[in-house]
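Okay, so here's the structure we're looking at.
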Amino acid sequence: MIPLLPLLVLAACGKHESAPQDAAPLPSVMVKVQTAKLEPHTATEEVVGTVRSKQRAVVEAKVSGRVLEYTATPGAMVKAGDLLARLDVQEIQAKVDQARAMLDQAKRDFDRQKQLIASNATTRQEFDAADARVKIGTGAVSEAETMMSYAKVTAPFDGVVTRKLADVGDLAMPGKPLLEIEAPTSLRFEADLPEAILDRVKLGEKMSVRLAKVIEGTVSEISPVADPVSRTFNVKLDLPQTEGLRTGQFGRVLVPVAEVKLLLVPQNAVLKRGQMEIVFVAQNGKAALRLVKTGKVLEGRVEVLSGLEEGEQIIVSETAKLTDGQPVTIQP
């Protein structure tokens, strides 16, 4: 009798399932590639600063008096000589009236002396004294009228009123600011540079300033002394006329500090998946996935800090359709 257990084992060995079918091969994708290479780049240090007007002024009264009227408000565009405010100066008006009255009297005395000198009825000394009083009176009227003109506070140059520092009814006097005005078309960027990088900045040199967009500024002033508290030097850069540029805007000036080489790749070649950054490289006819770490973004290209070697063929098109190991055909 044949034992039962060996028969069962033989039956189990002869009974097997068919192997699953192989997965369908991935289709080949036509791609473009670019060789990764180190490129020279000027390393910069960013220093924060502010856009300010090159021409700005604090407008004060030249005489004392109550503010009667403001004809310019913050944001108003004004021309040189436009009326900004008017003061109540009754004391000066009284001096103008007095000076004019004295001049009229001096002129009448002079006319009388001129008639008397013609008939030898007065002395030459009296005639000269009358003439002198007319000249003194004319000067006094001119001085009083000049002081009276200061009751009208006018714009020193074409610009825009940025601040109003007093109200109607306030007492204006020399040394007390009434308004602030600045020229909006003549702007510059001001930043405080640390001593360590000050030697990298030269007068007349062009430097990039990053605001809403990057524009070029020209170094026009470098402070010869450091701020005793921050130990920094104030540097000013003239800015070209740019639409949308306004005083008070925050920005950064890019100060060149060294020449370095960076591994740069097109920005569209880097994919972000969650917290990971990846690129695909063409290797042996297939797309190989690489995890990378990126740095600065420079004009459509991004710096690769790690995960990629110089000379590798980076895939720069159809990257969203690729998976690791997928066949690729490189476009000529």
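Observations on the model:
- Straight-distance crosslink candidates among lysines, where the alpha carbon sits under 27 Å from Lys164 and sequence neighbours closer than 8 are dropped: Lys54, Lys62, Lys79, Lys152, Lys176, Lys236
- Vicinal HN-Hα couplings computed from phi for region 262-276 (Karplus, 6.51 cos²θ - 1.76 cosθ + 1.60; Hz; Gly/Pro x): 10, 8, 10, 10, x, 5, 6, 7, 9, 9, 10, 10, x, 8, 9
- Rough spin-label spacing in nm, given labels placed 7 Å along Cα→Cβ, for Asp199 and Lys286: 5.4 nm
- Cα-projected label distance for Ala258 with Asp131, points at 7 Å along beta-carbon direction, nm: 8.4 nm
- Derived scalar couplings ³J(HN,Hα) [region 138-151; Karplus, 6.51 cos²θ - 1.76 cosθ + 1.60; whole Hz; x for Gly, Pro]: 4, x, 5, 5, 4, 5, 5, 5, 5, 4, 5, 5, 6, 5
- Convex hull per residue volume in Å³, alpha carbons only, for region 207-332: 200 Å³
- Note on Ile222 and Glu145: the extension gain reaches 23.3 nm, defined as 0.36 nm multiplied by sequence separation minus the Cα-Cα distance.
- For the chain, a Gaussian network of Cα nodes joined below 10 Å ranks Arg301, Arg200, Arg112 by mean-square fluctuation, and the top entry is Arg112.
- Here Lys286 is the anchor, and the lysines within straight C-alpha reach of less than 23 Å, apart from those fewer than 8 places off in the same chain, are Lys32, Lys37, Lys272, Lys321.
- Residues whose amide H comes within less than 5 Å of that of Asp82, counting only those at least five positions distant or on another chain, are Ala155 (H built at 1.01 Å from N in the peptide plane).
- Rounded to the nearest 20 debye, dipole of the chain from Cβ charges on Lys, Arg, Asp, Glu: 320 debye
- Calculated FRET efficiency for the pair Glu299/Lys62, C-beta based, R₀ 41 Å, to 0.05: 0.20
- Förster radius 51 Å - calculated FRET efficiency between Asp88 and Ala118 (Cβ-Cβ, nearest 0.05): 0.60
- Close amide H pairs (under 5 Å, H built 1.01 Å from N) link Leu178 with Val59, Glu60, Ala61, residues at least 5 positions away or on another chain.
- FRET efficiency for Glu45 and Arg273, using Cβ-Cβ distance with R0 set to 30 Å, rounded to 0.05: 0.40
- Extending 7 Å from the Cα toward the beta-carbon at both Thr138 and Val168 defines two label points whose distance is 4.1 nm.
- Carbon/sulfur fraction of accessible area - region 242-331, other protein chains in place, 1.4 Å, %: 48 percent
- Taking Asp167, Asp227, Asp104 in turn, the Gaussian network model of the chain (Cα-Cα springs below 10 Å) assigns the largest fluctuation to Asp104.
- Selected from Lys95, Lys213, Lys321 as most flexible by GNM, with the chain as the system and alpha-carbon contacts under 10 Å: Lys321
- Between Thr71 and Ser28, the contour length at 0.36 nm per residue exceeds the alpha carbon distance by 8.0 nm.
- Gain on full stretching of the segment that runs from Ala101 to Phe250 - 0.36 nm per residue minus C-alpha separation: 47.8 nm
- Seen from every direction in turn and averaged, the convex hull around the alpha carbons of the chain projects onto 38.4 nm².
- Solvent-accessible surface of region 187-283, taken per residue with a 1.4 Å probe and all protein chains present: 58 Å².
The values are calculated or read from the model by the stated rules, or taken from the named source; none is laboratory data. Owing to the predicted nature of the structure, the values given are computational and were not obtained by experimental measurement. All Cβ positions, even for glycine, are placed from backbone atoms using ideal geometry, and neighbour counts span all protein chains on display. Just the protein is used for accessible areas: all its heavy atoms, side chains included, with ligands, DNA and RNA removed. Shrake-Rupley method; radii C 1.70, N 1.55, O 1.52, S 1.80 Å.
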